[in-house]
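Below you'll find the structure, written out as structure tokens, and then a few comments.
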Amino acid sequence: MNKMQKLKIAPKFQQQLLEMKLNSPILALYHFPKTTHYVEVIPFSNTLEKGVFQGRVKSKPITMRKGRISFSRFLFETGGEELPLICFNQPYLSKILEIDMTIIIITKKSKGNWSVSKIYYKNLEDIGIESQYALLKGMRQATFRKYIAECLNYVSIDNFFPETYHEKYQLIPREQAFQMMHFPENDAAYESGLRYFKYEEAVLFYFNLLMRKKFFQKIEKVKSKNIETHHMDKLIDALPFALTGAQEQVLEEIIKDFKADYIMQRLVQGDVGSGKTIVALLTGFLQIKAGFQVAILAPTTILAQQHYDNASMLLEEAGVCVRLLKSQMPKKERDAILEQLVNGEIDLIVGTHAILEQTVIFKNLGLAVVDEQQRFGVEQRKKLRLKSPEVDMLYMTATPIPRTLAMSVFGDLEVSTIDELPAGRQKIDTRIVQKKYWDNIVAEIVETVAKGEAVYVVCPLIEESETLELGNILEVFTRLQQQLPKQIRLAILHGKQKNEEKEAVLADFAAEKIDVLVSTTVVEVGVHVDKATLIVIYDAQQFGLSQLHQLRGRVGRSTLKSTCLLVSDYKNSRLKAMTQSQDGFFLAQKDLEQRGPGDFFGQKQSGIPTFNVLNLVEDAKIFEVAKEDAREILEKCEMLECEKAYQKISQYIKSKEQTMSKLLD
């Protein structure tokens with residue numbers, strides 16, 4: 001007999017619980033209220049405009065209608081005063097309320113009448129707290145609250161953590177925390193319950209991440225990688241520029257991973273133009289010299305082409321065989337590349353999703369680099385990792401990630417940060433310009449093109465919207481066609497075009513066959529055009545801070561002076577922040593605070609966890625202490641597995657280890 005049957009649940013309610021995936025009493029207890037309302041009766045006074053009052057019905061409710069609205073009127077006595085009450089859309093009151101019946105009302109004064117939002121007429125002694133839950137349509141709040149109360153009486157709830165952690169953080173017992181979450185006596189009681197569950201959720205979250213990390217580190221490399229750094233040193237000496245201190249530090253961290261006896265799982269995050277690609281190529285060269293193959297996975301063909309060009313320029317003179325693999329290529333050429341990969345003739349393959357196909361087989365893959373890794377889903381990253389049992393994984397992102405978000409999204413990875421820009425890069429002049437000065441913007445575009453430089457114009461919409469008065473790409477493109485001199489070469493780029501068309505436009509822009517590219521945010525990541533020195537972002541208030549920063553990063557990628565014009569008629573804190581800072585990490589933290597983690601990447605990012613009670617922005621301190629405590633508890637569990645205080649945690653860890661293969665991504 002299951003627990004639901006023991007609790008005497010009606011079949012319909014049981015089915016509803018199953019649909020909500022609350023198929024055990026303990027799962028139901030973790031379905032916390034979305035709001036909690038305290039019903040506290042107070043004495044009536046003529047000075048009050050609203051309140052919760054107890055009294056007697058003095059006259060039977062009379063129900064009337066006015067159009068579609070029904071309303072009931074009756075007299076209510078409390079504290080020696082008679083109040084005329086009005087209740088909207090509650091016609092059943094005339095059947096329920098009797099003269100001299102004791103009731104409790106929630107009411108406020110409105111135009112001489114007291115408007116009632118809720119009436120309690122039975123079990124008045126139990127009134128005090130009303131928790132409101134997210135439920136399926138048709139489910140009654142009162143029924144669910146009653147079920148939760150039964151679960152609290154039915155389930156045996158022990159503390160999960162040893163008492164030392166409860167004492168350290170002054171956490172209430174777990175059983176009491178459940179009581180305070182569902183039926184708190186006041187706000188302070190609710191906060192004490194919430195505090196416990198935030199800590200519990202954070203520690204369990206880090207248990208999973210740290211166990212996953214440990215699982216990878218137990219996977220020893222099949223072959224020892226004989227990494228000799230002098231090969232890389234020769235390449236660095238031949239570079240036409242000096243590496244930054246941050247790049248050198250990240251190189252050291254990656255090389256240390258290569259030499260370790262476990263598989264590398266490292267994320268390199270760096271601002272736009274900080275030099276992540278050169279770090280990937282230099283460390284890839286070390287793997288190649290040690291006898292391994294390297295794969296670089298890019299989200300778009302144009303970005304893959306750029307990586308291929310950079311890799312060829314840097315490595316082919318050193319005897320490295322570099323090839324490009326993409327979806328649209330002649331079958332004969334593709335088959336030749338696949339054969340060369342299998343027999344080991346190709347050292348470095350650069351490509352798009354085509355690399356992930358089952359037909360792509362490596363002889364000896366040692367390093368896989370995933371560029372703009374947030375653009376790939378969990379399963380796609382997993383496919384690449386499974387191409388070889390000994391492949392070191394290097395993930396790269398140009399989206400600066402605030403510390404709390406990095407701790408949660410990438411808590412199982414080692415994280416390296418390149419927080420310096422190469423020498424010679426000039427600050428991008430960023431200005432807010434009102435739409436009435438559009439002619440001045442057009443003049444600046446003409447002046448930029450006259451210098452032999454290129455321009456981006458970015459719009460938030462493709463077509464005109466019926467509800468939003470925003471600049472759309474078709475309208476702006478038409479205006480520029482009419483206003484710019486005929487010799488200026490314009491092109492348009494947006495998400496509704498076919499992939500081949502988009503790639504062709506981007507390739508022409510990179511090859512300096514286009515002067516002004518009018519685009520949506522499809523140019524946000526990956527397009528590297530040295531001659532692009534002006535970006536005009538139309539209706540800039542529509543974009544998040546991180547997205548604005550990514551767009552600004554399309555210019556200023558050489559020693560040429562660059563400009564970013566934020567076209568907007570709105571006063572906006574995001575736009576102001578853009579004019580004040582070019583530090584991507586500072587702007588990313590501001591963006592996270594303003595918009596929250598769900599929309600941080602501009603699209604729902606597959607790696608961002610969803611939490612029950614934790615908040616990535618507000619609970620940064622809890623994340624920090626929970627990560628350290630999780631590490632400490634796991635170490636103690638290994639040594640003190642039989643100690644009673646750690647038995648529940650040990651059981652939890654064992655259950656997770658049995659399904660660890662499901663936690664790999």
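The values are calculated or read from the model by the stated rules, or taken from the named source; none is laboratory data. Please read these numbers as outputs of a predicted model, since none were measured by experiment. Heads up, the Cβs are rebuilt from the backbone with ideal geometry, glycines too, and the neighbour counts pull from every protein chain shown. Areas reflect the complete protein model, heavy atoms only, side chains present, ligands, DNA and RNA absent. Shrake-Rupley method; radii C 1.70, N 1.55, O 1.52, S 1.80 Å.
A compact table of results
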read-out: Among the listed pairs LYS213/LYS363; LYS50/LYS621; LYS8/LYS95; LYS326/LYS382; LYS451/LYS496; LYS451/LYS498, those beyond 29 Å (Cα-Cα); value: LYS50/LYS621; LYS8/LYS95; LYS451/LYS496; LYS451/LYS498
read-out: Portion, in percent, of the accessible area of the chain that falls on carbon or sulfur, probe 1.4 Å; value: 49 percent
read-out: Square roots of five times the Cα gyration tensor eigenvalues for the range 197-293, Å; value: 31, 20, 8
read-out: In sequence order, calculated HN-Hα J values of the range 336-353 (Karplus, 6.51, -1.76, 1.60; Hz; x Gly/Pro); value: 5, 5, 4, 5, 5, 5, 5, 8, x, 5, 8, 8, 9, 10, 10, x, 9, 4
read-out: Acute angle (nearest 10 degrees) that the helix 647-658 long axis makes with the longest principal axis of the chain, alpha-carbon atoms; value: 50 degrees
read-out: Ranked packing of 81-87, 618-624, most packed first, by mean Cβ within 10 Å; value: 81-87, 618-624
read-out: Debye, to nearest 20: dipole size of the chain, +1 on Lys, Arg Cβ, -1 on Asp, Glu Cβ; value: 2380 debye
read-out: Cβ-based charge dipole, the chain, positive-most Cα from LEU384, MET232, LEU341; value: LEU384
read-out: Residue-normalised accessible area of the range 507-566, given per residue in Å² at a 1.4 Å probe; value: 25 Å²
read-out: Ellipsoid equivalent to the range 203-361 - semi-axes via the Cα gyration tensor, in Å; value: 26, 22, 17
read-out: Column: log10 I(q)/I(0), Debye, Cα scatterers of the range 140-196, q = 0.13, 0.18, 0.25 Å⁻¹; value: -0.36, -0.65, -1.02
read-out: Highest to lowest packing among 297-309, 127-139, scored as the average C-beta count within 10 Å; value: 297-309, 127-139
read-out: Candidate aspartates and glutamates - alpha carbon under 17 Å from LYS383, same-chain residues fewer than 8 apart omitted; value: GLU357, ASP371, GLU372, ASP392, ASP665
read-out: Rg to Rh quotient for the chain, alpha carbon positions, Kirkwood Rh; value: 1.07
read-out: Residues with amide H under 5 Å from that of VAL457, placed H, sequence gap 5 or more; value: LEU517, VAL518, SER519, VAL536
read-out: Helix-only CD estimate at 222 nm, as mean residue ellipticity for the chain, using -39500 (n - 2.57) per DSSP H run (n ≥ 4); value: -12000 deg cm²/dmol
read-out: Relative contact order (%) - the chain, alpha-carbon pairs under 8 angstrom, separation at least six; value: 12 percent
read-out: Spatially proximal aspartates and glutamates relative to LYS122 (Cα-Cα < 19 Å; intrachain offsets below 8 disregarded); value: GLU40, GLU77, GLU98, ASP100, GLU130
read-out: Out-of-range pairs (alpha-carbon distance over 27 Å; input LYS111/LYS137; LYS225/LYS387; LYS256/LYS590); value: LYS111/LYS137; LYS256/LYS590
read-out: Cα pair count fraction exceeding 16 Å, expressed as % - the range 114-169; value: 67 percent
read-out: All Cα pairs of the range 54-194, percent lying beyond 18 Å; value: 68 percent
read-out: On Cα atoms only, tilt of 438-450 relative to the major axis of the chain in degrees; value: 20 degrees
read-out: Translational D in µm²/s for the range 471-591 (Stokes-Einstein at 4 °C, 1.567 mPa s, Kirkwood Rh from C-alpha pairs); value: 85 µm²/s
read-out: Sequence-distant aspartates and glutamates (8 or more away, or on other chains) whose Cα lies within less than 17 Å of LYS436; value: GLU444, GLU469, GLU475, ASP539, ASP569
read-out: 20 °C / 1.002 mPa s Stokes-Einstein diffusion coefficient of the range 276-341, Kirkwood radius on C-alpha pairs, µm²/s; value: 169 µm²/s
read-out: Peptides 11-18, 203-210 ordered by average Cβ neighbours within 10 Å, highest first; value: 203-210, 11-18
read-out: Amide proton proximity set for SER416, modelled H, under 5 Å, gap of 5+; value: LEU267, VAL268, GLN269
read-out: For the range 470-509, average projected area of the Cα convex hull in nm²; value: 3.3 nm²
read-out: Bins of 5 Å, starting at 0 and running to the largest distance - Cα pair percent for the range 1-98; value: 2, 10, 14, 12, 10, 10, 10, 13, 12, 6, 1, 0
read-out: Antiparallel %, DSSP beta bridges [both residues in the chain], to 5; value: 40 percent
read-out: The range 269-384, Cα convex hull volume normalised per residue, Å³; value: 102 Å³
